[in-house]
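Scroll down for the structure; my scribbles are underneath it.
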Amino acid sequence: MKRSAINDIIREADAFIRSFGYIMPPFAYWSPEEMKARQVDSSAIFTSRLGWDITDYGQEKFNELGLFLFTVRNGRYEDMKKGMGMLYAEKIMISRKDQLSPMHRHNIKAEDIINRGGGKLVLELFMHDRDGGIDPKAEVSVPVDGTIHRMPAGGLLKLDPGQSVTLLPGVWHAFWAEGKDVLIGEVSTVNDDLTDNVFREPIGRFSNIDEDVAPVHLLVSDYEKWLG
């Protein structure tokens, strides 16, 4: 993706999020220079990988295959091993109309996916087999706002604004927005996008960036390169 396109997506996403009354935390608006200057007193932002995240999964077709994310808070796997501490994470996301987030699962993360507003959020769901792969026959059983919802393998779950689904580790899912762009909330156990995403197809989690202009804000995938 070109950096200029990423800058535009950030501006558009911020306006879309604000239209629903959701306000981003102050660090969302720090410049790259301020991020560098705040590495010591705000180290948790970088170690927990909080911030902007825009991906086309390395396929260079963001409008068809992509997702906007912002990680607002995130704990540490070390605390999960101890069973105490900050064991949770929160993201705000945007799925554009008919924009696919591809089929994947998580080994550790359990998550609530919440339609915060816009169109319908459509999820294609499969259970996992004993080896962790997709079970093409098993009935899917997931809680939708606390009520068990059952459907055949590969069934489509459509969430209206205000509805949510709980996905436990191992549940395969792909999703997209229907009708209009959708603002998505995610509340989960600790999130690790570097190691805890298993995709059905061989695909990348982060974008390859063409630095045609300077970044207006850094992405979480920029931190190591830009901040060291």
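The values are calculated or read from the model by the stated rules, or taken from the named source; none is laboratory data. Not measured: the values here are computed from a predicted model. Quick reminder, even Gly has a Cβ in these numbers, built from the backbone with ideal geometry, and neighbours come from all protein chains shown. Only protein heavy atoms, including side chains, enter the accessible area calculation; ligands, DNA and RNA are left aside. Shrake-Rupley method; radii C 1.70, N 1.55, O 1.52, S 1.80 Å.
Can you work out which of the residues in the range 188-228 that are part of a strand (DSSP E or B) and over 18 Å from HIS104 (Cβ atoms) is most open to solvent (accessible area, probe 1.4 Å)? If we take residues in the range 188-228 being part of a strand (DSSP E or B) and over 18 Å from HIS104 (Cβ atoms), then ASP210 is most open to solvent (accessible area, probe 1.4 Å). Screening VAL40 on (1) surrounded by 14 or more Cβ atoms within 10 Å (Cβ to Cβ); (2) of a type outside the set (Lys, Arg); (3) modelled with pLDDT under 95 shows it passes everything except condition (1).
Listed conditions (1) modelled with pLDDT under 95; (2) open to solvent by less than 70 Å² (accessible area, probe 1.4 Å); (3) out of contact with any Phe, Trp or Tyr (no Cβ under 9 Å at 6 or more places or on another chain) are all met by TRP176, apart from (1). If you go through the range 63-71 one residue at a time, do you hit one that is at pLDDT 95 or above, in contact with a strand residue (DSSP E or B) (Cβ under 6 Å, 6 or more places away or on another chain) and aromatic (Phe, Trp, Tyr)? Within the range 63-71, one or more residues are at pLDDT 95 or above, in contact with a strand residue (DSSP E or B) (Cβ under 6 Å, 6 or more places away or on another chain) and aromatic (Phe, Trp, Tyr).
Contact map, the range 152-169: first residue charged (D, E, K, R), second residue open to solvent by 20 Å² or more (accessible area, probe 1.4 Å) and part of a strand (DSSP E or B), Cβ cut-off under 8 Å, separation 6 or more or different chains; pairs are LYS158/LYS120; LYS158/GLU178; ASP160/LYS120.
Restricted to the range 1-119, the set of helices (runs of 4 or more DSSP H) holding at least 2 residues that are of a type outside the set (S, T, N, Q), touching a Lys or Arg at 6+ places or on another chain (Cβ under 7 Å) and at positive phi is empty. When PRO169 is tested against the conditions (1) more than 17 Å from ALA110 (Cβ to Cβ); (2) open to solvent by 20 Å² or more (accessible area, probe 1.4 Å); (3) within 16 Å of the chain's Cα centre (by Cα), the lone failure is (1).
Scanning the range 27-37 for residues being exposed (fewer than 15 other Cβ atoms within 10 Å of the Cβ) and farther than 30 Å from GLY119 by Cβ gives a total of 5. For the range 45-64, the count of residues that are of a type in the set (A, V, I, L, M), within 17 Å of LEU123 (Cβ to Cβ) and either touching a residue at least 60 places away in the same chain (Cβ under 8 Å) or surrounded by 14 or more Cβ atoms within 10 Å (Cβ to Cβ) (or both) is zero.
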